[in-house]
There are 2 protein chains.
Amino acid sequence: MIGFTRRQTVEAILDRRPMAPRAGGRAFAPANIALCKYWGKRDEELNLPRNGSLSVSLGDLGSEAELSAIDAPADAVELGGRPLPPAAPFAARVSGYLDLFRPSPSFRFRLRTRNTVPTAAGFASSASGFAALALALDDLFGWRLPPERLSVLARLGSGSACRSVFPGFVEWVAGEREDGLDSAARPLPETWPSLRVGLWTVSEDEKPVGSRAGMKATVETSPLYPAWPGTAARDLEAIRAAIRARDVEALGRAAEGNALAMHATMIAARPALCYWRPESVRAMDAVRAARADGVPVYFTMDAGPNLKLLFEGAAEADVTGRFPGLRVVRPFA
Amino acid sequence: MIGFTRRQTVEAILDRRPMAPRAGGRAFAPANIALCKYWGKRDEELNLPRNGSLSVSLGDLGSEAELSAIDAPADAVELGGRPLPPAAPFAARVSGYLDLFRPSPSFRFRLRTRNTVPTAAGFASSASGFAALALALDDLFGWRLPPERLSVLARLGSGSACRSVFPGFVEWVAGEREDGLDSAARPLPETWPSLRVGLWTVSEDEKPVGSRAGMKATVETSPLYPAWPGTAARDLEAIRAAIRARDVEALGRAAEGNALAMHATMIAARPALCYWRPESVRAMDAVRAARADGVPVYFTMDAGPNLKLLFEGAAEADVTGRFPGLRVVRPFA
């Protein structure tokens, strides 16, 4: 079966909007931490997920993007002030995405992007990066697209980028359409000012397998994966309810269970895909030990070795005392 | 629903055989390492499994049991030469099992048992222990039951004990009957003289949760468990085929994948059940690194932190060079 292409999505969304660039476009998008994970695609081309997911955006930690038109033989991509060779993986991926938006075949972009979130070790810089890029394209061309539509454009760059278009709690509705036009993020109305996210880097080892490839291998080879989409659907519902109730224990237990279920599907892949380092096991034990001592703290983990802790402001002193070096984020500050 | 009791199983199997003890009974039963794991019961009382399993017995590593009748108010249980108080967990479990076989309510047993396999850290001493006990009962009372029937009696003490009644490769057929009389082990005809099992103790920490309780919690709370029985059925078929072909790579990959799938179901339990220690993750990585260097070695793990390596005699020098301290067993020597 030949599915829909990314270009068809872009044409449907731009709907003959003008492609005349202004002097420049710029945008910021936050990183996001999934409380209910996106894990497994039903369409590789369009980054359509097999399950809905839910995240919290990290305030001013994220990516900035500045975009302009240049007269040059190739796109010029700068990351953190450093020009990248066109063959660098990130530059090549960005140019492939920008191919979808060139007003003419010879049109070239300059992109200056900068992450305010640690890029290594699974801090989802591709999510904030592609979200910022989609928003900067909207600014450059003056489209003024509704955010839900920009979310779809961001998804074409990196699945979880669709969630980074919004601050706060964000749900990515999986959608059902083959063209993916109903697969977009939407912000949830709730805020939770006392919620804290602690970024805990336990290992800076490079990941053996990127999350895109890991997701694909899990879907294709893990005998436990078939149980994942239903698990995620139930967790998503529990997490939505916990957010409505501002119940950190319910939120933490559901998010932790969801992350572990995701890792379990990978561990059962063949060959196994284990993003955990020895330090990850020690860190998870330490979080459980903190809870046994009465500190209400929970963890989630993306496709990597590091932990993100979930807790409330009332527990912040206890948590930072136990886990020194934690970078504490206030998503609703 | 009221199911069948253990006592009904014993009555059906003994079928009015005499209950007059001889001077003494004794037996040895080997420990066994499951290549396809037993994980999850369909009947807690009778230890009936949700999936078939397949193991290799460990030659002369196992348990010896000596049984006699005594005139005393309570059973006398000795483990490794040390008398146990009746309230010790092992003694209480043994006496509860022996209750099924007392010729009269006041009849008391003396059991002297000794393990030749490390008892801590998941080396399945309850499997060899209850198998030796069932065989010693048969010897004490002179029943001369067929081994498949003794396998059923051993199962009533500890599920995986039913496999320890036989040497070599052993398959536990899950069975379908509610009374469990068709749920017994049978020996496979194949031998594999060059096969080696390496016992690698990476942690002697006590397990936080016993495997009986861990199994129950996983069945009841893990959202990935429903995918396990089908996974095990496919792995069992692959392992049987690998044994027929004496294909260590096929055997190793299937056994390793099966063990990881079992651990994955536990990791996804709620709360999570993670038997891995940091050292376990390091050890699994070391086995994968050995394979990447061309050494055909695979691992399996029971519900504990330690590894059992699978390899052939031709790789033994490479394996022991890389993993010093390994206790190498030749199941078919």
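When a/c reaches 1.5 or more, the comparison of a/b and b/c decides; with that in mind, is the range B:195-329 rounded, prolate or oblate per its Cα gyration tensor? Oblate, because a/c is 1.5 or more while a/b does not exceed b/c. Secondary-structure-derived ellipticity at 222 nm for chain A, considering helices only, amounts to -11500 deg cm²/dmol, per-run term -39500 (n - 2.57) for DSSP H runs with n ≥ 4. Within the shell of other residues whose beta carbon sits under 12 angstrom from the beta carbon of A:Thr265, the net charge comes to +2, with Lys and Arg scored +1 and Asp and Glu -1. Going through the cross-link list A:Lys216/B:Lys37; B:Lys41/B:Lys216; A:Lys207/A:Lys308; A:Lys37/A:Lys216; B:Lys37/B:Lys308, which pairs have a Cα-Cα distance over 19 Å in this structure? Table pairs above 19 Å Cα-Cα are A:Lys216/B:Lys37.
Considering only B:Met301, B:Met262, B:Met284, the Gaussian network model of chain B with Cα springs below 10 Å gives its largest mean-square fluctuation to B:Met284. Specify the angular offset, from 0 to 90 degrees and rounded to the nearest 10, of the alpha carbon long axis of helix A:147-157 from the longest principal axis of the alpha carbons in chain A. Value to nearest ten degrees: 90. So for chain A, taking the charge dipole from beta-carbon charges (+1 Lys/Arg, -1 Asp/Glu), which of A:Thr116, A:Leu195, A:Val94 sits furthest toward the positive end? Projecting each Cα onto the dipole axis, the largest value belongs to A:Val94. Remark: the range B:141-257 carries a charge dipole of roughly 320 debye about the Cα centre, counting +1 on each Lys and Arg Cβ and -1 on each Asp and Glu Cβ.
Evaluated on the range A:122-196, the Kirkwood hydrodynamic radius is 12.7 Å, with distances taken between all distinct Cα atoms. Within the listed set B:Leu199, B:Leu54, B:Leu135, the Gaussian network model of chain B (springs between alpha-carbon atoms below 10 Å) gives the highest mean-square fluctuation for B:Leu199.
Oblate is the label for the range B:174-272. Its Cα gyration tensor axes, ordered a ≥ b ≥ c, give a/c of at least 1.5 and b/c at or above a/b. Comparing B:Ser151, B:Ser106, B:Ser68 in a Gaussian network model of chain B, where Cα atoms under 10 Å apart are tied by springs, the biggest mean-square fluctuation is seen for B:Ser106. Summing +1 for each Lys or Arg and -1 for each Asp or Glu among the other residues whose beta-carbon sits under 12 angstrom from that of A:Ala88 gives 0.
Taking Cα atoms only, the orientation of helix B:278-292 departs from the longest principal axis of chain B by about 50 degrees.
Here chain B is treated with +1 on each Lys and Arg Cβ and -1 on each Asp and Glu Cβ, and its dipole about the Cα centre works out to around 260 debye. Each principal axis of the range B:6-187 carries a Cα extent, and these read 43, 36, 27 Å when sorted largest first. Overall, the range A:6-187 carries a charge dipole of about 180 debye about its Cα centre when +1 sits on the Cβ of Lys and Arg and -1 on the Cβ of Asp and Glu, all other atoms neutral.
Need one number: % antiparallel among DSSP beta bridges in the range B:1-112, to the nearest 5. Just about 85 percent of them are antiparallel. Taking every residue in A:225-231 and counting other chain Cβ atoms within 10 Å of its Cβ, the average works out to 4.
Please report the spacing between the Cα centers of the range B:196-223 and the range A:135-157 in Å, no decimals. Cα centres, the range B:196-223 to the range A:135-157: 50 Å.
Taking the longest Cα principal axis of chain B as reference, the axis of helix B:248-267 is set at about 70 degrees. Would you work out if the range A:1-70 is rounded, prolate or oblate? Take a ≥ b ≥ c from the square roots of the eigenvalues of the alpha-carbon gyration tensor; rounded if a/c is under 1.5, else prolate when a/b is larger than b/c, oblate otherwise. Verdict is oblate for the range A:1-70. Volume of the convex hull of chain A (Cα atoms only), normalised per residue: 134 Å³.
Placing a label point 7 Å from Cα along the Cα-to-Cβ axis, A:Ala20 is separated from the same position in the other copies by 11.2 nm, shortest listed first.
Averaged over peptide B:256-267, the number of partner chain Cβ atoms lying within 10 Å of each residue's Cβ comes to 6. With the convex hull constructed from alpha-carbon coordinates only, the protein assembly as shown shows a mean projected area of 33.5 nm² over all directions. Ranked for footprinting exposure by Cβ neighbours inside 10 Å, fewest first, A:Cys162, B:Cys36 give B:Cys36, A:Cys162. Each copy carries a label point for A:Ser194 at 7 Å from Cα toward Cβ; from one copy, the others' points are 6.6 nm away, ordered from shortest.
All of the numbers you see were taken from the coordinates with simple rules; none came from a lab. Given the structure is predicted, the values throughout are model-derived calculations rather than measurements. Counting neighbours? That spans all protein chains shown, and the Cβs are built from the backbone with ideal geometry, glycine included.
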